[in-house]
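Beneath this line is the structure, given in structure tokens, with notes to follow.
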Amino acid sequence: MSVGPLACLNIETKAVHKMTAPEGYIDAHCHLAAKEFNQDITEVIERAKQANVLAVLVVPEFRDEFERVLHLSQEFPGFVIPCLGLHPVQGEPPDGQRSVTLPDFTDVDKAIEENQERLVAIGEVGLDFSPRFAKGDEEKKEQREVLRRQIELAKKYDLPLNVHSRSAGRPTIDFLKEHGAEKVLLHAFDGRPSIALRGVEYGYYFSIPPSIIRSEQQKLVKQLPLDRILLETDSPALGPEKQERNEPKNIHIACDYIAQIKNISTDEVMKTTTENALRLFPKLRSLMHR
């Protein structure tokens, strides 16, 4: 049976429609493996779904959270999407925290290799030059080496990087570029907008948490192009209220505030940031479902 031009057009339209972004939010960076969620993780995820969150990218902060991240992705398949990576700050909070060392990296590469098919990104990785962690050049040198090794893993397995850059905006962006990192999300960026725009030139993305409503980074949101912005919560941190546990359901607060600053609709922000997430994390579309 022959297929007429109109039928062909309908088929093509349906194919395009299938590739459009789903309606809802993607939390591009959160810590649901943190102990703060041990008692009520099911309820937290249910509240997120009720708030129209489509998926959450869960990153570990400490090495001993790797297994918990993977377990959550199995317990909540298609919603909790795992990332693995070694954060630049390790040790037990608050008093035992310290700058990452090379021995901390032992078996991290093995864990990433073994789970590469399940991962949507390598993270949370990066640099943290806060004076209480990076007290001198030696700490900064080790942080850079740990990050370099993870950039190489990202290139090897063709995975994006989910990046931390506290008190190290310029050094982090410059280091990523120098070492050939191409697919990058800089979460909760605290550097100057001019430095962020350098990252935009390199093709990097930036995610905005609900704490933007009480942050000094509103100028950053004004200057970042919308097609380089994602949404995140960084739960349990960076919520709308300081010292209160944050959770993914609060992601709409970041969306609403971005819309207000840019004088556009919240629907446009939600739609574009979700499209951006699907573009930056190519495996995400196939891993997520409602």
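The values are calculated or read from the model by the stated rules, or taken from the named source; none is laboratory data. Fair warning: this is a prediction, and the values are worked out from it, not measured in the lab. Positions of Cβ are backbone-derived with ideal geometry, glycine not excepted, and every protein chain shown enters the neighbour counts. With ligands, DNA and RNA removed, areas are computed over all heavy atoms of the protein, side chains included. Shrake-Rupley method; radii C 1.70, N 1.55, O 1.52, S 1.80 Å.
A few comments on the model shown:
- Test: residue in the range 91-114 that is among the basic types (Lys, Arg) and assigned to a loop (DSSP other than H, G, I, E, B): no
- Residue selected from the range 134-148 under the condition more than 22 Å from the chain's Cα centre (by Cα) and open to solvent by less than 100 Å² (accessible area, probe 1.4 Å), by the criterion farthest from GLY180 (Cα to Cα): GLY136
- Helices (runs of 4 or more DSSP H) wholly inside the range 187-290 that include at least 2 residues being closer than 25 Å to GLU46 by Cβ and within 16 Å of the chain's Cα centre (by Cα): 251-262, 266-280, 284-287
- Of all residues making up the range 71-89, the number that are over 24 Å from ASN276 (Cα atoms) and either open to solvent by 10 Å² or more (accessible area, probe 1.4 Å) or small (Gly, Ala, Ser) (or both): 3
- Scope the range 50-103; condition among the acidic types (Asp, Glu), within 23 Å of PHE281 (Cβ to Cβ) and without any contact (Cβ under 8 Å) to a residue 40 or more places away in the chain; matching residues: GLU65, GLU67, GLU75
- One residue stands out among those in the range 137-186 that are of a type in the set (A, V, I, L, M) and not in a helix (DSSP H, G or I): the one that is farthest from ARG228 (Cα to Cα), which is ALA168.
- Of all residues making up the range 196-208, the number that are without any contact (Cβ under 8 Å) to a residue 60 or more places away in the chain and either open to solvent by 10 Å² or more (accessible area, probe 1.4 Å) or within 21 Å of HIS31 (Cβ to Cβ) (or both): 8
- Of the numbered criteria (1) at pLDDT 95 or above; (2) buried (at least 21 other Cβ atoms within 10 Å of the Cβ), the one LYS156 fails is (2).
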